[in-house]
Amino acid sequence: MDVLASNRRQFLKFLGSAAVIGSIAPTALAHAGGMGKPKATALTILHTNDVHSRLDPFPMDGSRNAGRGGVARRATIIRQIRHEQENVFLFDAGDIFQGTPYFNLYKGEPEILAMNQLGYDAGTIGNHDFDGGIDNMVTQFGKARFPLLIANYDFKNTVLDGRTTPYKVFAKDGIRLGVFGLGIKPEGLIPKDAYRETKYLDPIEIGNDVAARLRNDQKCDYVICLSHLGFKYDGPTVSDNVLAAQTRHIDGIIGGHTHTFLDAPVLVNNADGQPVWINQVGFAGINLGRIDLTFERGKASMAGQSVQVN
């Protein structure tokens, strides 16, 4: 217990002194030369999922993931990318909590403080984020300097009512980016006394509604879903692949829950036959997802990769 308390003090000291640069403020859309031709605008989206309280690297014990991951190494990579790129976002697709003694003892505080220092722009809620109970979620999410986005959980009649938001619109360099969150069905995954009166709403219906609102009402150029639905299943459970195929107006899905390791985003055609990219980078923070978007003449192109954290 003394060792763990000492580790926590050292970690919190790191959080207070870490030189992690926050998101860069938006700038006006520039034009190239005297020709009046709009220049290409680039956005870089970094993302994690299912970090599961893995603040330290895996121990050097000869196992498959030995020495990989760790919040300090992730901070270094993110800082370098922010130095190289002008417009950078950082998102998480849920299951922030549960998996190491940090959560067992401190119920999510170090995880949220670390995400604050790394400058996360938004996250969504995974099933394991309920593991300390809904009252604990209020306590720990209250320390976050970033919004928790979730559109298909109705928290009315719970202590979380009003403490999350369905979506957020980010504006950078003349581009409006709409981001919303979707969570997996709690029944069978989360004890009832942990999520209490939370109501689960159909992610396909809600995804369609929110994406249309972001595109049409909020005039977003690009719409991304932070999803904790899972990449793909054999059965009827709604997954990211199903979400992409049965909706409109979603351009990209940052996924979680199934701990799926993708080297690059997968493309699935939506209900209108338009491509939607889906990405997920495993678990425990051993990889960092990177999506580079280029906007030119009203069209967006995408390139993606998985960056190892080691």
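The values are calculated or read from the model by the stated rules, or taken from the named source; none is laboratory data. Given the structure is predicted, the values throughout are model-derived calculations rather than measurements. Note: ideal-geometry Cβ built from the backbone for every residue, glycine included; neighbour counts use all protein chains shown.
Among the residues making up segment 116-137, those that are over 22 Å from residue 230 (Cβ atoms) and among the polar types (S, T, N, Q) are 116, 117, 136. Residues being at pLDDT 95 or above, part of a loop (DSSP other than H, G, I, E, B), within 30 Å of residue 135 (Cβ to Cβ) and of a type in the set (Gly, Ala, Ser) are entirely absent from segment 54-67.
Would you confirm, using the coordinates I've provided, whether residue 139 is of a type in the set (Ser, Thr, Tyr) and touching a residue at least 60 places away in the same chain (Cβ under 8 Å)?
Values: of a type in the set (Ser, Thr, Tyr): yes; touching a residue at least 60 places away in the same chain (Cβ under 8 Å): no.
When the stated conditions are applied, residue 139 does not pass them.
Scanning segment 58-75 for residues that are touching a residue at least 24 places away in the same chain (Cβ under 8 Å) and surrounded by fewer than 22 Cβ atoms within 10 Å (Cβ to Cβ) gives 58, 65, 67, 68, 70, 72, 73, 75. When 180, 170, 155 are screened for being in contact (Cβ under 8 Å) with a residue 12 or more places away in the chain, of a type outside the set (D, E, K, R) and more than 25 Å from residue 238 (Cα to Cα), only 170 passes.
Considering 45, 125, 78, 96, which residue is assigned to a strand (DSSP E or B), within 16 Å of the chain's Cα centre (by Cα) and in contact (Cβ under 8 Å) with a residue 40 or more places away in the chain?
Details: 125 fails: assigned to a strand (DSSP E or B); 78 fails: assigned to a strand (DSSP E or B); 96 fails: assigned to a strand (DSSP E or B).
The unique qualifying residue is 45.
Quick grid of which residues meet (1) farther than 23 Å from residue 275 by Cα; (2) aliphatic (A, V, I, L, M):
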position	(1), (2)
177	no, yes
182	no, yes
198	yes, no
205	no, no
213	no, no
223	no, yes
229	no, yes
232	no, no
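Residues that are in contact with a strand residue (DSSP E or B) (Cβ under 6 Å, 6 or more places away or on another chain) and over 26 Å from residue 197 (Cβ atoms) were ranked within segment 120-148; the one that is surrounded by the most Cβ atoms within 10 Å (Cβ to Cβ) is 120. Could you tell me whether any residue of segment 211-221 is closer than 16 Å to residue 91 by Cα and at pLDDT 95 or above? Checked segment 211-221: no residue is closer than 16 Å to residue 91 by Cα and at pLDDT 95 or above. Please work out which residue is nearest to the chain's Cα centre (by Cα), limiting yourself to segment 99-122 and to residues that are part of a loop (DSSP other than H, G, I, E, B) and more than 15 Å from residue 46 (Cα to Cα). My answer is 108.
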